[in-house]
Amino acid sequence: MSGCKRKQAQCDVGDYLTDLHIEMNPRYLRLLINVYPPYWGTGITVKSISPDYREICVQMKMRGYNRNYVKTHFGGSLYAMTDPFFMVMLIHILGKEFVVWDKAATIDFIKPSQGTVTARFLIKEEQIENIRNYTSGGKKYFPEFSVDIQNEAGEKVARVVKTLYIRKKV
């Protein structure tokens, strides 16, 4: 650890938590997420994580416990499908020398949905290069990443835009 101890008030929480970063096999992470109660309890399932963490596919089936009053997908569950995947991806892609946090999010509900919905998270090489360029010298960077949630017919039912906080440790 970088000198952080759990009870030290002066310890930067971001540095402490990112010091806990461990190399993790994507299949093992997928298993851990799929048994994590907030996801398991809403019917959210991670279907795949690419070996390089640049792509994650998440699905949610319609269940009695994740639908709203009008019998379509509950908006909170649709948002939960997208949290915190961009952050997790970038923690693994960028490594221990970066602090990565979710900062903000917006969701645009486009169309009511039933059945199974899917969100496919992608991070491109160009985005990684931009992060490395903007954070050189320890500067903070607040990139936005978007993901569409689609129904079984491939129609967009919602779009989530996540703003991340990224800083290179110096």
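The values are calculated or read from the model by the stated rules, or taken from the named source; none is laboratory data. A quick note: this is a predicted structure, and the numbers were derived from the prediction, not measured. Here Cβ is always computed from backbone atoms with ideal geometry, including for glycine, and neighbour counts include all displayed protein chains.
Table: residues versus (1) part of a strand (DSSP E or B); (2) within 14 Å of the chain's Cα centre (by Cα); (3) surrounded by 18 or more Cβ atoms within 10 Å (Cβ to Cβ).
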| site | (1), (2), (3) |
| --- | --- |
| E23 | no, no, no |
| Y39 | no, yes, yes |
| Y53 | no, yes, yes |
| I56 | yes, yes, yes |
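Tell me, please, whether a residue that is more than 25 Å from W40 (Cβ to Cβ), exposed (fewer than 14 other Cβ atoms within 10 Å of the Cβ) and in contact (Cβ under 8 Å) with a residue 24 or more places away in the chain can be found in segment 58-65. Checked segment 58-65: no residue is more than 25 Å from W40 (Cβ to Cβ), exposed (fewer than 14 other Cβ atoms within 10 Å of the Cβ) and in contact (Cβ under 8 Å) with a residue 24 or more places away in the chain. Selection of segment 119-170 for residues being hydroxyl-bearing (S, T, Y) and either surrounded by fewer than 13 Cβ atoms within 10 Å (Cβ to Cβ) or assigned to a loop (DSSP other than H, G, I, E, B) (or both) yields T135, S136. Looking for something buried (at least 16 other Cβ atoms within 10 Å of the Cβ), in a loop (DSSP other than H, G, I, E, B) and under 11 Å from the mean Cα position of the chain (by Cα) - is there at least one such residue anywhere in segment 73-81? Checked against the condition, which is being buried (at least 16 other Cβ atoms within 10 Å of the Cβ), in a loop (DSSP other than H, G, I, E, B) and under 11 Å from the mean Cα position of the chain (by Cα), segment 73-81 yields at least one hit. Here is the figure for segment 1-27: residues that are under 18 Å from D83 (Cα atoms) and modelled with pLDDT of 90 or more total 1.
If the condition is being among the aliphatic types (A, V, I, L, M) and surrounded by fewer than 18 Cβ atoms within 10 Å (Cβ to Cβ), then segment 88-108 contributes I93, A104, A105, I107.
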